[in-house]
1. Could you tell me the relative contact order of the chain? Use alpha-carbon pairs under 8 Å, at least six residues apart, and round to a whole percent.
2. Between rounded, prolate and oblate, where does region 41-92 land on the alpha carbon gyration tensor, with a ≥ b ≥ c its root eigenvalues, rounded for a/c under 1.5, else prolate if a/b exceeds b/c?
3. Check which residues have an amide H placed less than 5 Å from Ala159's amide H, if you skip close sequence neighbours.
4. May I ask you to sort Val106, Val280 by Cβ crowding, counting other Cβ atoms within 10 Å and putting the fewest first?
5. Using Cβ contacts closer than 10 Å as the measure, can you line up Tyr287, Tyr137, Tyr160 from fewest to most?
6. Using the beta-carbon distance between Ala61 and Leu199 and R0 = 22 Å, what value does 1/(1 + (r/R0)^6) give for FRET efficiency, to the nearest 0.05?
7. Name the lysines eligible as straight-distance cross-link partners of Lys320: C-alpha to C-alpha under 21 Å, and not fewer than 8 places from it in the same chain.
8. Return the calculated 222 nm mean residue ellipticity for the chain, to the nearest 500 deg cm²/dmol, obtained by summing -39500 (n - 2.57) across DSSP H runs with n ≥ 4 and dividing by the residue count.
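Where a number appears in this text, it was derived from the coordinates with a stated rule and is not lab data. In this text the structure is predicted, and so the values were computed from the model without any measurement. Neighbour counts are summed over all protein chains in view; Cβ atoms, including those assigned to glycine, are modelled from backbone coordinates with ideal geometry.
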Amino acid sequence: MSRPVSPQSAPACRLHRPAVVCSLGNDPATIAAGLFVGQRGLEISDAFTPGRLLPLGRVTALLPDDSDWPAVHRSRNNRLLAAALEQLMPTLEAFQGRHPDARIGVVLGTSTSGIGETETAQATRRQHGDWPRDFHYQRHEIGAPSCFVAEQLGVTGPAYTLSTACSSSAKALASARRLLAAGACDAVIAGGADSLCHLTVNGFAALEAVSDSPCQPFSTTRNGINLGEAAALFLVTREAGGIQLAGYGESSDAHHISAPRPDGEGARHAMQGALEMAGVVPSAIDYLNLHGTATVQNDSMEARAVSALFGNSLPCSSTKALTGHTLGACGALEAAFCWMALEAGRLPPHVNDNRVDPDLPALALTTGGPANLKRALSNAFAFGGNNIALLLEKMS
């Protein structure tokens, strides 16, 4: 669990307007519009599972052309990042105008990197006996996304990628806060990206963790996840005001290689750590973005953790019913949703079939609408019990 930080000594950690591409749209305004009405951005496809139709949160927007990029950078994952970077550039350029000598780092999370392109290349090799001429193995290395972003922007600060499954990009935001607090950077581009590919879709199918229908988080009928893809980026600085990353909490269950600890204690410790770092009590939180995968075990564990810490009155929702589970990108994507909720003063609705699971502790699953929001918490829980909670606070 994270060591508590006194709010008096806590460094400023501003999350500037997020840059987001996901199945709800390719710009924050479109995405926010879908988010606040509970729009499911899923399509039915057997693109990765021939003969088996699955709901997938695919990005359908036109992505930047990578044909003139170096071979090492040509991947769908990097095209998603490039689309987000286009949105981020006005914010970054304004910051660099104010601070021309700023030391800028890059910390991203991913679980796929460019492995989809390697799958295609392997198919070519099996058919023709050799790799495609433009194949470059480094495009699927875990470090590839951060190298790509750093090279695109010409920044020379620390650039690295985290891959801790579904907590990856939330951990990237926590890492950005640490870099700023340590004085190693003046600003950090942080977030993550994951792209749909055969490995992840078939891998989760082999675990019997995917649903053949739109997922139903916290419902008695829940039976698995829908997978998705996304990119979400923030410019993170030491500037005051705006929306701050006021705290984070991390924990490790060490319970099972994939299943969460059933009683939710690891998840509760992560949320408690975020509260302690921000110097606030549970009643100070106005909204909780649940990890909410719609698997039997994860939702059960999280409901117990949330109930133990917050009771049953905190408005909360899972947004994975809208976007699919974007794996390594979900932590940053859902932090962006919390940012949008704080900025707009609106709650993202919880979408399922309204069949409440009576075996779970009761949660205040929100139907959306206007709300007075100052602080939001966002959960991300990964294989191996790798847990993180981010606490965002809107400053007056």
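1. Relative contact order comes out at 24 percent.
2. oblate
3. Amide H to amide H, under 5 Å and 5 or more residues apart or across chains, Ala159 pairs with Val106.
4. The fewest-first ordering by Cβ neighbours comes to Val280, Val106.
5. So the residues, fewest neighbours to most, are Tyr137, Tyr160, Tyr287.
6. The formula returns an efficiency of 0.40 here.
7. Output for Lys320: Lys171.
8. Only helices count here, giving -10000 deg cm²/dmol.
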